[in-house]
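Below is one structure, written out as structure tokens; comments come after it.
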Amino acid sequence: MLLRGEMSPADLIAYIRDVKSQVSMPVTYADVWEFWLRYPDVQNAVDFVSIHILPYWEDFPIPATIAAAHVDAIRKKVAVAMPNKEIVIGEFGWPSAGRMREGARPSPSNQARVISETLALAQRENYRVNVIEAFDQPWKRWLEGAVGGHWGIFDRAAQAPKFRLRRRRVRSPALADASSCRNSARRFDVRRRLDGRTRQRRAAAVVATDRGARIAARDLVRLDARNRSGGEL
């Protein structure tokens, strides 16, 4: 709402408080981190602050090599401005294919690296992160270009994970499940629309450049399990 200018901060606060008066679960509002800093009064209406940090889409795009550090630095910046609230990262992720934005390059290995390194930081610092997204959403290409359809950990068309996953228990009480990325770059199909037609090609060039960036097995997916006990999602 604030990012798109669809509602004033005062009206938003009124809506949040109206919802809180009718439900027993925690209530928050989610928006790009910069708009929380522009309108800090909104924090007084929510139970916890939910910020979106997408390094690829920043005004000054962040390379994959420092994306995890960027996410952590932004979270800490917001935490300093709002010291009495839990800061939850509502949206975070990296695309596996699409156009390059300055130094931010979509690829399978960069996706694995950014997600695993960021979640490793979150586990050490004990804060919650929602990864976007579970599955590729092709419809988003109409809004964001080709890259919009490649944010998923799972390839929707192939109905298979882009990475080999394994599940294990995480000790942190707020983070219940985890998965690990065992392999990085591999060949994958990229669909591109050209002259009104859709064709597939092998992304051999991407794979060739990714082979030098193999990633050891790290935590890939971490899910917040509070909803299992009736809390918020």
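Any idea which of (1) over 22 Å from residue 134 (Cα atoms); (2) open to solvent by 10 Å² or more (accessible area, probe 1.4 Å) is the one residue 91 doesn't satisfy?
Every condition holds for residue 91 apart from (1).
State all residues of the range 16-32 that are of a type outside the set (D, E, K, R) and open to solvent by less than 30 Å² (accessible area, probe 1.4 Å); if no residue qualifies, say none. Steps first, answer last, please.
Quick first cut of the range 16-32, residues of a type outside the set (D, E, K, R) only: 16, 19, 21-30, 32.
The answer is 16, 27, 29.
Residue check, residue 13 against (1) at pLDDT below 95; (2) open to solvent by less than 50 Å² (accessible area, probe 1.4 Å), all met but one. Which one?
Unmet for residue 13, out of (1) at pLDDT below 95; (2) open to solvent by less than 50 Å² (accessible area, probe 1.4 Å): (1).
When only residues in the range 70-87 that are crowded, with 20+ Cβ neighbours inside 10 Å and under 15 Å from the mean Cα position of the chain (by Cα) count, which is nearest to residue 138 (Cα to Cα)?
Top of the filtered list is 71.
Residue 133: under 16 Å from the mean Cα position of the chain (by Cα), closer than 28 Å to residue 38 by Cα, surrounded by fewer than 19 Cβ atoms within 10 Å (Cβ to Cβ) and of a type in the set (D, E, K, R), yes or no? Give the derivation first.
On the way: under 16 Å from the mean Cα position of the chain (by Cα): yes; closer than 28 Å to residue 38 by Cα: yes; surrounded by fewer than 19 Cβ atoms within 10 Å (Cβ to Cβ): yes; of a type in the set (D, E, K, R): yes.
Answer is yes for this residue.
Looking at residue 142 and the list (1) open to solvent by 60 Å² or more (accessible area, probe 1.4 Å); (2) closer than 23 Å to residue 16 by Cβ; (3) assigned to a helix (DSSP H, G or I); (4) of a type outside the set (Asp, Glu), which single condition is not satisfied?
(2)
The values are calculated or read from the model by the stated rules, or taken from the named source; none is laboratory data. Bear in mind the structure is a predicted one, so any value in this text is a computation, not a measurement. Counting neighbours? That spans all protein chains shown, and the Cβs are built from the backbone with ideal geometry, glycine included. SASA here: full protein model, heavy atoms, side chains in, ligands and nucleic acids out. Shrake-Rupley method; radii C 1.70, N 1.55, O 1.52, S 1.80 Å.
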